[in-house]
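Visitor: Structure provided below as structure tokens; questions to follow.
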Amino acid sequence: MGYLSQPSEHSNMKPISLAKMDENEELCSYASWLEKHPSVLDNFEKVMSVAEGKEIVVFLDYDGTLSPIVDDPDKAYMSDVMRAAVREIAYCFPTAIVSGRCKDKVYEFVKLRNVYYAGSHGMDISTPSGSSKCEDQKHQIKGVDEKGNHVVHFHPAKEFLPTIQEIIKVLKENIRRIKGSMIEDNMFCVTIHYRCVKNEEDISVLREMVESTMKSYPSFHISSGRKVMEIRPNVNWDKGCALMYLLDTLGFDNFNNVLPIYLGDDRTDEDAFKVIRHIGQGFPIVVSSIAKETQASYSLRDPSDVLAFLIRLARWKKNMLHKTK
């Protein structure tokens with residue numbers, strides 16, 4: 001299907017281990033981790049020194065990056081000040097939000113029309129022109145948006161939609177007795193939330209139920225996230241592929257002149273981080289307040305740091321424009 005630097009690894013979900021560290025050890029570990037993945041806020045001038053003359057394109061995850069992680073995924077609202085910052089960034093640079101949520105749901109949270117949206121981990125993208133480099137053109141469908149503008153919908157997993165709906169129906173029936181669990185239909189993927197499941201034994205039972213159910217669907221795989229299990233079709237597509245697709249549709253096929261900046265907190269964002277490293281320029285920035293394995297070059301602690309970075313980045317752009325006048 002194109003764009004992929006390395007195929008995604010599909011594996012059965014492994015039990016989640018909870019490593020316990022005392023506070024001093026945790027602080028020490030995070031401080032050591034920051035030496036390898038320093039704060040982009042603390043190194044802002046250094047980072048932007050390589051950006052002059054480059055075309056910056058901004059990519060943003062949603063949950064845990066633009067909004068806090070919350071118990072109820074339907075209430076993961078972004079603040080008005082964050083929305084204003086993203087709006088300003090999108091006026092300064094081409095900007096896309098790449099989320100595991102379905103595209104329409106992310107739009108309902110963000111409510112900005114000057115931003116591109118990629119939902120279902122990049123399996124649901126709508127752009128004005130589509131990509132000429134897409135190897136399988138049948139996944140690009142021309143349409144018209146609510147304003148009458150021509151758009152191209154990219155759906156590399158469209159053929160899996162009926163099976164996904166079947167999986168949702170089966171899972172709802174199987175796990176309904178697990179109090180606090182929730183199934184979210186994200187169009188081309190299914191998310192099982194267990195943040196509100198209080199009993200560890202129930203979490204183990206839930207995991208076993210999901211794994212047992214999915215044995216009947218070999219064309220899908222299970223991955224783990226922050227208090228979630230996620231079911232996705234086995235297509236050679238991820239957030240890294242979505243980044244490349246969006247760069248192409250935006251006209252940035254010459255990597256010598258583009259500088260992608262990607263902010264994300266999730267394991268699935270690592271695919272985009274790897275692509276940026278493969279391109280050889282750009283900045284993968286992980287959002288995390290704990291030490292963890294990552295391909296990111298820089299870090300931010302939480303959405304409040306993300307807000308500060310976006311405001312500073314927009315201010316930098318305005319200053320650059322002022323200098324050229």
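Visitor: So for region 212-222 (the condition being modelled with pLDDT under 95 and either more than 14 Å from the chain's Cα centre (by Cα) or not aliphatic (A, V, I, L, M) (or both)), does at least one residue qualify?
Guide: Scanning region 212-222 turns up no residue that is modelled with pLDDT under 95 and either more than 14 Å from the chain's Cα centre (by Cα) or not aliphatic (A, V, I, L, M) (or both).
Visitor: Sticking with this one: In this structure, is residue 163 assigned to a strand (DSSP E or B) and in contact (Cβ under 8 Å) with a residue 24 or more places away in the chain?
Guide: no
Visitor: Right, another one. Within region 206-220, can one find any residue that is open to solvent by 40 Å² or more (accessible area, probe 1.4 Å), within 22 Å of residue 105 (Cβ to Cβ) and in contact with a helix residue (DSSP H, G or I) (Cβ under 9 Å, 6 or more places away or on another chain)?
Guide: There is no residue in region 206-220 that is open to solvent by 40 Å² or more (accessible area, probe 1.4 Å), within 22 Å of residue 105 (Cβ to Cβ) and in contact with a helix residue (DSSP H, G or I) (Cβ under 9 Å, 6 or more places away or on another chain).
Visitor: Also: Looking at (1) crowded, with 21+ Cβ neighbours inside 10 Å; (2) free of Cβ contacts under 8 Å to residues at least 12 places away in the same chain, can you tell me which one residue 123 breaks?
Guide: Answer for residue 123: the failing condition is (2).
Visitor: Going by the structure shown, is residue 81 in contact (Cβ under 8 Å) with a residue 12 or more places away in the chain, within 17 Å of the chain's Cα centre (by Cα) and not assigned by the TED database to the domain that holds residue 217?
Guide: Judged against the criteria, residue 81 is not a match.
Visitor: Moving to a separate point now. Taking into account only those residues within region 280-295 that are open to solvent by less than 10 Å² (accessible area, probe 1.4 Å) and of a type in the set (Val, Ile, Thr), which is farthest from residue 265 (Cα to Cα)?
Guide: 285
Visitor: Pairs only if they're at least six apart or on different chains, beta carbon under 7 angstrom, first in region 175-194 and on the phi > 0 side of the Ramachandran plot, second in a strand (DSSP E or B) and crowded, with 20+ Cβ neighbours inside 10 Å; list them, first residue then second.
Guide: Here the result reads 187/119; 187/124, each pair linking region 175-194 to a residue that is in a strand (DSSP E or B) and crowded, with 20+ Cβ neighbours inside 10 Å.
Visitor: Can you name the number of the only condition in (1) more than 30 Å from residue 177 (Cα to Cα); (2) open to solvent by less than 20 Å² (accessible area, probe 1.4 Å) that residue 254 fails?
Guide: It fails just one condition, (2).
Visitor: Further question on the same structure: Take region 98-116 and flag every residue that is open to solvent by less than 30 Å² (accessible area, probe 1.4 Å), free of Cβ contacts under 8 Å to residues at least 40 places away in the same chain and within 23 Å of residue 192 (Cβ to Cβ).
Guide: Answer for region 98-116, where residues must be open to solvent by less than 30 Å² (accessible area, probe 1.4 Å), free of Cβ contacts under 8 Å to residues at least 40 places away in the same chain and within 23 Å of residue 192 (Cβ to Cβ): just 99.
Visitor: Tell me, please, whether a residue that is modelled with pLDDT under 85, of a type in the set (Asp, Glu), more than 20 Å from residue 270 (Cα to Cα) and not assigned by the TED database to the domain that holds residue 243 can be found in region 17-24.
Guide: Yes, that holds for at least one residue.
Visitor: For region 226-243, how many residues meet the condition of being open to solvent by 30 Å² or more (accessible area, probe 1.4 Å) and either at pLDDT below 95 or of a type in the set (Phe, Trp, Tyr) (or both)?
Guide: 3
Visitor: Moving to a separate point now. Name the single residue, out of those in region 281-316 being of a type in the set (D, E, K, R) and at pLDDT 95 or above, that is nearest to residue 70 (Cα to Cα).
Guide: So, considering only residues that are of a type in the set (D, E, K, R) and at pLDDT 95 or above, the one nearest to residue 70 (Cα to Cα) is 302.
Visitor: In this structure, is residue 168 touching a strand residue (DSSP E or B) at 6+ places or on another chain (Cβ under 8 Å), closer than 24 Å to residue 268 by Cβ and free of Cβ contacts under 8 Å to residues at least 24 places away in the same chain?
Guide: yes
The values are calculated or read from the model by the stated rules, or taken from the named source; none is laboratory data. Computed from a prediction, not measured in an experiment: that's the story for all the values here. Methodologically, a virtual Cβ is constructed for each residue, glycine included, from the backbone with ideal geometry; neighbour enumeration extends over all protein chains shown. SASA here: full protein model, heavy atoms, side chains in, ligands and nucleic acids out. Shrake-Rupley method; radii C 1.70, N 1.55, O 1.52, S 1.80 Å.
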